[in-house]
Structure formats: structure tokens, C-alpha cells
Amino acid sequence: MSEQPDVSAFCPKGDVLVIAEQILGDLQPVTLELLGAGRILADKMERNLKCLVLGHNLGDIPQKLIEAGADEVFVADDQELYLYRTLPYRRVVVDFLESLPEPPHTCLLGSTTTGRDLAPRISAHFETGLTADCTELDIGPYDHKNKVDPSKIGLYPNCLYAIRPSFGESLKARILGPWKNPQMATTRPGVMTPNKNEPGRKGKITSVPVNLQPDDYRLIVADTVREVAKGIKLTEADVIIGGGYGLGSADGFDLLKQLADVFENSAIGASRKVVDLGWIPYQHQVGQTGKTVRPKLYIACGISGAIQHRVGMSKSGLIIAINKDPDSPIFKFAHHGIVGDIYQIIPEMIKQFAEIQSGRGVKAVVGTH
Amino acid sequence: MSERIEYDLLLVGGSPSNLTLAYRFLELAKESGKKFSIAILEKSKDFGAHILSGAVTNPHIIEKVWPNYKEMGFPIEATCTESNFSVLGTEKKWDIPPSLYPKSFDKKGYLVLTLSYVVNWMANQLQEKAKDVPNVTIDLFTGFAAHSVVFEDGRVVGVSVTEEAKTEEDYVYGKFTCFGDKGFISRDVIDHFKLRDNPQIWSVGVKEVWQMNESAQGKVWHTLGWPLLEGTFGGGFVYGMKDNKLTVGMVISLDSQDPNMNPQQKLQEYKKHPFIQKLINGGKLLKYGAAVLPEGGYYSLPKKFYVPGAILLGDALGVLDVKYLAGIDRSMECGYVGAKVLHDALVAGDTSEASLAPYQKELEDGFVIKESYKNRYFRWAFIENPKLLGRYLPDIAKSIDKSNAWIGMLKVGFKNPLGATKDGVRSLSLIEGKIDIGPIKYVEDYKHIIPAWVPPKYDEPQNYEKATIYSRVDAVFYASTKYHEGNNHIDEFNANTCVRCIGTYEALGKTTPCVADCTAEVHRVDIIDDVRKHGMSLENCVHCRTCEIVCPEVNLRVKPTAQGSGPDFLGL
Amino acid sequence: MSAGLNIYVLVKQVPDTGSKAGLNPDGTIDRAKAKRMLNPFDRFALQAALHAKRTYGGKVTAISMGPPPAVEILLETLEHGVDEAYLLSDRRLAASDTLATAYALYKVLNFIGKPDLIFCGLQTTDGDTAQVGPQLAERLGLPQVTYCEDFHMEDGKVHARRIIEGGYQKVVAETPLLITVANSYHPLEYKSFRGAYRVRRLARDQEEMKKFIHTIDLDLVGADPDRTGLKGSPTIVAWTEKVGELGGSCVMHEGQSAHELIQEVILASALNQFLVPSSSTK
């Protein structure tokens, strides 16, 4: 059994496929990011970047996908696909993949409520590997030596490296599954870098047949509601902008609200002291309460970081603190501390964040290398 | 549809008394071989998580229950090798020569303990022991409080384990119920059977544990004086423990005249003293907590220690001895005695009230009540003669700072040539238990409050490290409180009463006592529609009950917490 | 009372995130060293399952997969009111990825009965993938509602509200159905005294315990061992690297213009990952 298997058979050809996501005709930004990441992977292997989009009356979306980097776009257009539903989408994707002469090498979806709903169904159907919520993707070799399954031993030249934080995010794990294509991954929205848009870029647009089965109608969507109001509960917010005594007055919260509006799923928090002062209603108090608040990002503005405040926020993912006083206790606790005046720092932040959102501005590359 | 849950013994509270009772009961049951069932209800998530004590204790009862306790891994922080009784001025400290203070303050050879660890250890021992006694089933229910007492036909038959009991489904029954709680629930038994003529009076203990750079293991200090120089009964304690840990705490009576006596801040003032500063500077605060202690002693004991279907133990009974600074051994002894009485009664199949009479008799014949009787006037002496703490002690403290405590003591004599001899002698005799003045009558602690009280001015220690001092809201962090959503464990009976009370105190330039005296930043004043109302941040509560005791309107009630909520005192 | 719903809830024992758990050389978690707890996300699934039982009648069965100590969390589910539990425990399951896990659970469900409703937590705190639920639904050929934050039943159908980006969807689904429950669903109610009492009685009587907590293995459920464990997993953790402790080591930014400070912070903290490009909803 020591003989090495012919590994060239494992990572044969196959392109990189991105499954696009649109909601009510809105192409989701994560799709553009996936095309950015997918382009790099495809170029590394000298393969094509393909994109499958499902929906109804998709208008110029296929062309947009080409301009965002896809070489070929497959369009499944059917009124039954107007709204995302697991089973019909699953049916179309499975049929599409089975119709290909060979499976794609890599298949990428966004780590959204849709992508995380659909991708596991596809992976389970094809019994292929899927890595969730990646923050980096790459292609590289892998020398597998584990003897548990001798048939898998070997040096694999082109593997998808699906890289994701794991276990409380203090570890990064590189997850590989080169034995079967497509190698699947979902990526965290906002992480990958989209390609530069190329207006007028040419590519092939191919229609995909839609053949739904009676079983696919076991779930119907009664209503889709997109909430415009920013009534996000603190406990559910991904981003919390916290304000403290350092704001100087209740008016400071207006500025914080502007900052919060930059983010999706954000909420305003406040320290106990300013709640007591009546600057903001009680339900905004963060810190030591019965609830655990665990935003992915916490920006503490003018909060000194009384210990009971710190414990309440200790589950936050990334903590950025802004305070005039370099000795403020909040800096013992934050990941990044900005020493400065809130009224200078925050407007600048809002400005630069807006630049990033419009595709300009500085941007740390945490996506594909 | 569902069955009635009944145990032979239903133990309310994972206290040293109840855990001793259960352990001793297992030993007796092993001998008798009879079948029994026991349940222990502990409101905190883990045994020990809601218990806090100094603690320095005489190991005699521990030895009696676990003769080889040291080999069994009993958690000992230190054995006291150096015992000091000192008076603090604002800058200096005077160690009183051993010949001048009561022997009860000498703690050499006693054990320094972290009571939460001890209780946790006892619960583990109990589970180990239970494996050895298959004829007894013992169920430990942590995270379940007894929320009310169930009476039937003039008998305690069990407790409710839900906050709003509706049906029998919510009850747990016991042939005998043993109350080892701190009064959260046993007071209902005492009230129901009208067992008390004299109210219980209380102190609050506030305590911090510090990680130091050096070891003070085995050193014990009890102090009078700073920062209690305005007449309030109480003092400080500093215990050196293993692993370079240090306990710093204060016990302060809640019969203070000061409506704004903030125990946590008193402890901070205590820590500003150079003597404490030297110990903790450069160290790290590990834990903070607070708990009340029943200190009425003999005259606050209920008339009966048992009622039909139940016995009272430990703090539920009120066996703590202030003169000896001893409660743990006395509580454990209650359990030890109780186990035998209950075992005998159950073996005889006699669950009558009379079957419990030997419980009281044995305690009265033993050291617990005998010493309590001997020291019955100790606490009273300071109430009867406010000058002891209001004038003499400050005078001595001042002279300590001027480097001669002896002169201070003489001055006490000179200034009051007659008084000092007359009431001084009487006070000393009461303290030493040499005279009998018959029964005494306490009044409830809150009645001592003087709303317009003006505190005397004293110099404060000046040179202290700011980083060693904690605001109340910061200190709460170190009590690791955690409450479930919807927690509502303090009742305010009448909101208008609170509005009136707040108005009364604020008109005098004071803060209302519950807000001022809270050990944990729970009570607050909210302005709602321009009215100043009482509000509570219950999520901060360390469950000490000070607010209830000092409320001048008797308008608050602290109930047992539900769902395992509350502070985490493990390590205190 | 009619037969009622056959409700299953899938639970997992995970390392207590409050404690520092080690990793095996192969990148999987060293479960022996870690303190353990019920996956916090599963608490919402458990609440949903118990709610369904209390409101519509039926029976709740908890299923877990893991080494023998995982029985602790099954006992915990019984304290909360679960009727019966199964633990799939088999050495050959070690190092299963989500696909292999979903396969094993699929075999368990086929073995123990016909479900009406299957509840899963949204994801686990140790794996964080949110994949097992949908992969299991695929194996079972069932419709699914993921990110479910509320539901009720009407005429035998499940009316559910599921989260989508920036809003929610109302869906109506037939049973049998698999639901993954979001953590915005109602939090798990506190365990009942009677549940705790029942568990303590079971713990004393191994025979009685076996009637309610069944430990089963791959052979019993007829699973192909080659499709589980490392062998049956299409993915492996090739390697891991530490990215450093969070908290306690603040990177300070000071002494420059606000403009430079913010640029520096964005680059150093990858703040841009939280920013959704403006082409989305606004």
C-alpha cells in the first residue's frame, strides 16, 4: 500500500465557479468580492472564472458579472427563482453541475444567509468538501501523509486553501479537500477585494435550463421584508458604536449615529454614566447587564472603560477605542486605541469609511494573497 | 398527574451547617443501615458561590467531623502564626499588647479559610461519602432556591422551588426541613411561629482578596479605629493567605447613625491607611464581595430553634458570636447536633415537634449557646454606651498618630474622670460578662439612623496609591455578578414611600440610605417626569441584603435569587 | 391526546469558550483537555423544540454525537424537559468533518424514527460552520428553514420567520422539516426542578437511565464506517496558526493628524471588513 496513487487524477481540470447572489434584483456585494477572489484563483491555475446566477428578469446582472471578472456567466431565469428558496435553487444548481462535462475545480458562495443555506446542500449532494466563512483563499500544493486512508496519500499540486478563523478566532485554520471537485467554500462578506470593474468587458452568457420537481415546492415564501429602519437591538448588532462621558454632551450621540449608519446591522451603545445623566435612554446601556453583548466590532468613543463596562464588552470581536487620555483604562482592553479628540476623529472616520464603501480609500488586504 | 416529590430531609441552603448535617447524617445512616433520602437546595450555581466570610476559625468542629481533614485536602489558606489586635489612627497603627485585649481576639493556631472553597469541598466530600452509604439517596440541587415555605396544618412541610408557586407541582416536601440560610427564607418560619421578641441586628462584611508580591501567610490582624471613628461598631481584618494572597475586609454594624454609611467606600478608606497600603500596593485585586452577619447573639435567638417539621441552623438561628468573631464552628455544630436528632427521630418514625426538642437542648447544653450566653452583653455594651466608640476610640486613635497610645488611654481617663470610671467600668464588665443586667431589648438597625446626622471631621490618610482604590461600580466587577433576564429579586413594596424617603433625605443634603449604603451600586435615584424615584440596577447586586436592613421605611425585601443568578464568591 | 409531533433536537457538546482548550497536532480540538458545555446555539434549538412540544403536543428526542462524556449535555436537555435522548458514540467518528457528521446523523435519524420536526442550532461555537443542519436536510431529502427566529404551526404547516440580510422572510413549509434556529429566537428557559429531579433519579439507576438515554454506535445504526471519521471527510484541517490573543494588547495610534491616524487604524485592524460597499442597501 506504500505505492503513491496517481494524484494527477485528483485535481484534473475544472474551472472556478462563483454562485452569484441577488436579492430582488440587487446584486449582492459579496458576489463581486467572490469574483475578485475567484479571478485570482483561476489565474493562478490558468483556468476560467465562471459564474452562475439564478433569478428572474435579471436585466443587466449577467453583463455586470462579466465586467466584474467572470469569463462566462450561466443564467437560470425562471419566475420560480425570483425569490431565493432552498429547494428550487438547489435543484437548478445540482442539475447545472451534473450537466457539465466535468465538475468545477472550485465553487464559491457568499457566507450570507443565502450562501450558508444553499452551499451545504450542494456539498452534501455531491459529497464534496465545504469550508464555511473563509477570510482568505489561495491555491497551492499539499503533501498529504496521513495514513488513516492510504488512498488519499500524495502530493497535490493545485489545492484550494480555504482559510478561516476558528475556535474563538484566536486560531487560523487552513482547510483543504483536494480529493473531490468541486472544492467548495463560502467567504465572509466584506473581506475579499472585488476586481476593478471593466465596463464593456466581453464574456459568454449561457442560459441554463430550469426543471423544478414537485418536491421543490414544499416551502413557499409568503413575504420578504427588508427593514429600512435602524432599530437593531444591541444584543443582535454586529457593530456597536458606544459613547461615554467623553462626548461632552448628549449631542455627541448625533455624531455617533452618523458613524453607526455607515455600517449594516449597527447599534448605538452608551456607558452607564451617560445613561444616568439622561443623555440617552436606558436601553442603550452596554456594560455589565443581564445580557451578553457580542458585536463583531465595537468602537468605544469617549468611554473611560470602567471595569464593569469592560466586562460587558469583553466578548466583542474587534474593539477600537477613541479617547483623549492616553492613560484611559479602555486602552488596556481595546485592540486598537486612538488617542485624540472624538470630534476630529469620528468625522474623519466617517469620511474614510465612505471612501472605502465607494471602492476608494485605504483597505487592508485580508482576502486573497 | 405528576408525583409528589418528598424527601426525608430537605436542606435549604448549601451552608456549612447543612453540609455538616448531611455529612454527619450519612455517617449515622451508615451505622443504622436504614433507608433515607436527602435533598439540598442551593440557590447559587455552585456550592460556595454565594457564601462569604472572613474567615479565621477554630478548627475544633472541623476536626470532629473530619478527623483527618488535612489529609483529605481540606482547603486551608493558612494556619495563624501571628495574631494582632490593633488600633488604627489615620496614619499609624498601635498593636495592643496581648495582655490588654480579650483572649478571644487571639487567633494563633486557628485556620485562615476561604469559606466558599470550604463549602465547595464539603459538598464534594458529601458526594464521595454518599457512594459509601447506598441506603441514603442524596440529591444536590444547585441553581435552585427555596422561594417560600410551605406550611400545612401548623407544620413546615416543605418549600416552593419556583418564584411564583401555583400548584403542588412547584413544591418539594420534606419530612423535616432544615433551614441553614441567612434569613432569606427562614425569617418566614420565625415570623409564622412568632419566635422572636427581640429583632435580629446585623453587620455587613465587605471583603477584598488581593494578589500580592510577597507572602503574609499566617499573619492575622484585627483592627479598630480608622476609618470607623464616628461611633459605628465594627472593625477591619487583614489575613495573610497562601500563594501570596491577602484578605482585606471590614465588618460594619448596620445600626450606624450615619444615613450615608457606604461599606464599600469605608473599606476603600481603610485601604488608604499606610498599614494596608504597604501590604497591597503593587498587588492586584482578585475578588470583592459583601454579606451580612447576624450579630444580635443570645438575645436575638428565636425562642425555639425548631418548629413542627423544621429546624433552624447557623445564621438562620443566629449563633454567630461577635466577641469571638466566630460563626463557622458554631454553625457546623448546629449541623452536627441536628444530624443526630433528625436521624433518631426518623429511625423512631417520630416526626412530631417533640422529637426535635433535643436539638435545642443539646445546643443549649453545648458550647454554642453557653458561650453565646456568656457573651450576651458584649454587643450591647457598645449600644448602651455610645461614648466607647464615639469618643474614647477617636481619642485613642488621635494619640496613636501622635505616637503615644498610652497617653491617649490616660486622656480618656482624665477627660472623663468620673464617667470613664463609672460607665467605663460598667461597659468593661458587660464586655467581659462579669455582671448580669437581665434581658436587654434591641431595636431594629434602621431605627438608629439619624437623617440629619453630621459626621465628625477627621483627617484622612494622604499618601496612598490611587490604583489600589476602587469605586463601588468598579468593585462590583470583582464580585462577578451574573443575572438572568427578567431577574427581579428585590421587592419595593410602595414606590411612593421611596419617593417620600428620597425627598426627606435629599432635603437634608443626604442620600437615601439604600442608595448610599448599597455595597454594589444597585440602588439609584431616577428622574422620571421630574419626580425623583427609586430605581435599581439589580444586575449589580451581590445579594447582601444591606438595603433591606437599613431601609428606614421597611419598604424593601431581598428575596432569594432564581436560576442560579447572583454573584460568584468562589475565592472569597 | 393524539400521537403528537415527533420532534428531534440535535445538540453538541463543545469546549467551554471561557476556558482555554488545547488543540491536537492535527488541528482538531483536544476534547479531553477542554472544559465542556452545551453548544450555546443549541440552547435556542432546544427551546424551539420544547416550545413545539408544549404548544402542539408530541415528544422531544435529543440526539448528540460525540465521546461518552457528551451524555452530560443530554442529561442537561432532560433537565429542561426533553423526553428521551440518543448519543452516537463511536471511535470511528473521530475527526469527522461536517459532511461525515451529517452522514452519521442521517443514519441515526433513519434508525430511530420518522421525524416531523428537526431542530438544530444555527452553528456550533467550536466549528462555526452552520453546515451540518442543511447537509443533514439534504441527506434526508427534507426542506429546511435556516436562520429561523420564530415559528408557529397552522394546519400541519410550519409558518416561520427567517433572517435574511437586512430583513426577514416569512415562509410556509410542509413537514417533515428541518429548522436551524437563530440566536434571536427566545432564549432557553431555565431547567425545571422536576426535570432536575428526574435526572438525579436516572443517574442513580443505570437500568432506568438506559431506557431514556441510549448510547448507540455506527454498527447499530447501519452506517458505513468508511463514510465517517477522517476517512469519510472530504476536508481536513491541513494546519493551523495562532493569530494571537484578543484583548490585553492594545495597539496605540497617536500623535498624527486624524487623517493619518484613521488610515493607520484601518490598515492595522482590517476595519474595512466590516464595511459593506455602498452598492448594497443604502
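The values are calculated or read from the model by the stated rules, or taken from the named source; none is laboratory data. Keep in mind it's a predicted model, so treat the numbers as computed, not measured. Cβ coordinates were reconstructed from backbone atoms using ideal geometry, including for glycine residues, and neighbour counts include every protein chain displayed. Areas reflect the complete protein model, heavy atoms only, side chains present, ligands, DNA and RNA absent. Shrake-Rupley method; radii C 1.70, N 1.55, O 1.52, S 1.80 Å.
Of the residues B:Thr481, B:Thr511, only one is farther than 30 Å from B:Gly143 by Cα and either of a type in the set (A, V, I, L, M, F, W, C) or in contact with a helix residue (DSSP H, G or I) (Cβ under 8 Å, 6 or more places away or on another chain) (or both); which?
On the way: B:Thr481 fails: farther than 30 Å from B:Gly143 by Cα.
Selected residue: B:Thr511, the only one of B:Thr481, B:Thr511 that is farther than 30 Å from B:Gly143 by Cα and either of a type in the set (A, V, I, L, M, F, W, C) or in contact with a helix residue (DSSP H, G or I) (Cβ under 8 Å, 6 or more places away or on another chain) (or both).
Residue-by-condition table, conditions (1) in contact with a Pro (Cβ under 9 Å, 6 or more places away or on another chain); (2) part of a helix (DSSP H, G or I); (3) open to solvent by less than 10 Å² (accessible area, probe 1.4 Å):
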site	(1), (2), (3)
A:Val73	yes, no, yes
A:Val93	no, yes, yes
A:Pro101	no, no, no
A:Leu109	no, no, yes
A:Pro157	yes, no, no
Revision key, fill the gap. A:Tyr84 vs (1) away from every other protein chain (no Cβ under 12 Å); (2) open to solvent by 20 Å² or more (accessible area, probe 1.4 Å): all pass except (1)
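Need at least 1 residues that are more than 14 Å from chain A (Cβ to nearest Cβ) per element, so show me which strands (runs of 3 or more DSSP E) inside the stretch C:190-272 make the cut, counting only ones lying wholly within it.
Details: elements: C:213-216, C:236-242, C:251-253.
It comes to C:213-216.
Inside the stretch A:136-155, can you point out the residues that are assigned to a strand (DSSP E or B) and touching an Asp or Glu at 6+ places or on another chain (Cβ under 9 Å)? Quick ask: steps written out before the conclusion?
Applying the first criterion (assigned to a strand (DSSP E or B)) to the stretch A:136-155 yields A:136-144, A:154-155.
Hits for the stretch A:136-155 are A:Gly154, A:Leu155.
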Review point. Which members of the stretch B:266-318 meet the condition of being touching a Gly at 6+ places or on another chain (Cβ under 7 Å), within 21 Å of B:Ser253 (Cα to Cα) and in a loop (DSSP other than H, G, I, E, B)?
Key: B:Gly296, B:Leu301, B:Gly318
Point to revise | When residues of the stretch A:138-155 are limited to those that are acidic (Asp, Glu) and within 10 Å of chain C (Cβ to nearest Cβ), the one surrounded by the most Cβ atoms within 10 Å (Cβ to Cβ) | key: A:Asp149
**Study point:** Checking B:Asp191 against (1) out of contact with any Cys (no Cβ under 9 Å at 6 or more places or on another chain); (2) touching a residue at least 12 places away in the same chain (Cβ under 8 Å), the condition it does not meet
**Key:** (2)
Study note, to complete from the structure: Among residues of the stretch C:164-189 being facing another protein chain (nearest Cβ under 7 Å) and acidic (Asp, Glu), the residue most open to solvent (accessible area, probe 1.4 Å) is C:Glu174
Study note, to complete from the structure: Taking the stretch B:12-56 and keeping residues farther than 13 Å from B:Lys182 by Cα, of a type in the set (A, V, I, L, M) and not in a loop (DSSP other than H, G, I, E, B) leaves B:Leu19, B:Leu21, B:Ala22, B:Leu26, B:Leu28, B:Ala29, B:Ile38, B:Ala39, B:Ile40, B:Leu41, B:Val56
Practice item. Hey, can you tell me all the residues within the stretch B:451-495 that are among the charged types (D, E, K, R), touching a residue at least 24 places away in the same chain (Cβ under 8 Å) and within 15 Å of B:Ser537 (Cα to Cα)? Key: B:Arg472, B:Lys482, B:Asp491, B:Glu492
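Residues are listed down the side, and each one gets a yes or a no for (1) more than 14 Å from chain A (Cβ to nearest Cβ); (2) buried (at least 19 other Cβ atoms within 10 Å of the Cβ):
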{"residue": "B:Lys466", "(1), (2)": "no, no"}
{"residue": "B:Ser471", "(1), (2)": "no, no"}
{"residue": "B:Val476", "(1), (2)": "no, yes"}
{"residue": "B:Asn487", "(1), (2)": "no, no"}
{"residue": "B:Thr497", "(1), (2)": "yes, no"}
{"residue": "B:Cys501", "(1), (2)": "yes, yes"}
{"residue": "B:Tyr505", "(1), (2)": "yes, yes"}
{"residue": "B:Thr512", "(1), (2)": "yes, yes"}
{"residue": "B:Asp517", "(1), (2)": "yes, yes"}
**Study point:** Odd one out for A:Lys196 among (1) open to solvent by less than 20 Å² (accessible area, probe 1.4 Å); (2) among the basic types (Lys, Arg); (3) at pLDDT 90 or above
**Key:** (1)
Practice item. For the stretch B:141-150, state whether one or more residues are more than 15 Å from B:Gly13 (Cβ to Cβ) and either out of contact with any strand residue (DSSP E or B) (no Cβ under 8 Å at 6 or more places or on another chain) or in the same structural domain as B:Ile328 (by TED's automatic domain parsing) (or both). Key: yes
Practice item. Being in a strand (DSSP E or B) and modelled with pLDDT of 95 or more is the filter; apply it to the stretch A:25-71 and report the residue that is nearest to A:Glu136 (Cα to Cα). Key: A:Leu49
Check your understanding: Which residue pairs have Cβ atoms closer than 7 Å, lie 6 or more positions apart in sequence or on different chains, and pair a first residue in the stretch B:57-83 that is in the same structural domain as B:Lys129 (by TED's automatic domain parsing) and assigned to a loop (DSSP other than H, G, I, E, B) with a second residue that is among the acidic types (Asp, Glu) and open to solvent by less than 10 Å² (accessible area, probe 1.4 Å)?
Key -> B:Asn58/B:Asp329
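Looking at the stretch B:154-173, is at least one residue of a type in the set (D, E, K, R), over 27 Å from B:Tyr298 (Cβ atoms), open to solvent by less than 20 Å² (accessible area, probe 1.4 Å) and touching a residue at least 40 places away in the same chain (Cβ under 8 Å)?
no
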Check your understanding: Among the residues of the stretch A:121-129, is there at least one that is touching a residue at least 24 places away in the same chain (Cβ under 8 Å), assigned to a strand (DSSP E or B) and buried (at least 19 other Cβ atoms within 10 Å of the Cβ)?
Key -> no
Practice item. Please indicate, with yes or no, whether at least one residue in the stretch C:143-154 is surrounded by 17 or more Cβ atoms within 10 Å (Cβ to Cβ), under 28 Å from C:Gly229 (Cβ atoms) and at the interface with chain A (Cβ under 8 Å from one of its Cβ atoms). Key: yes
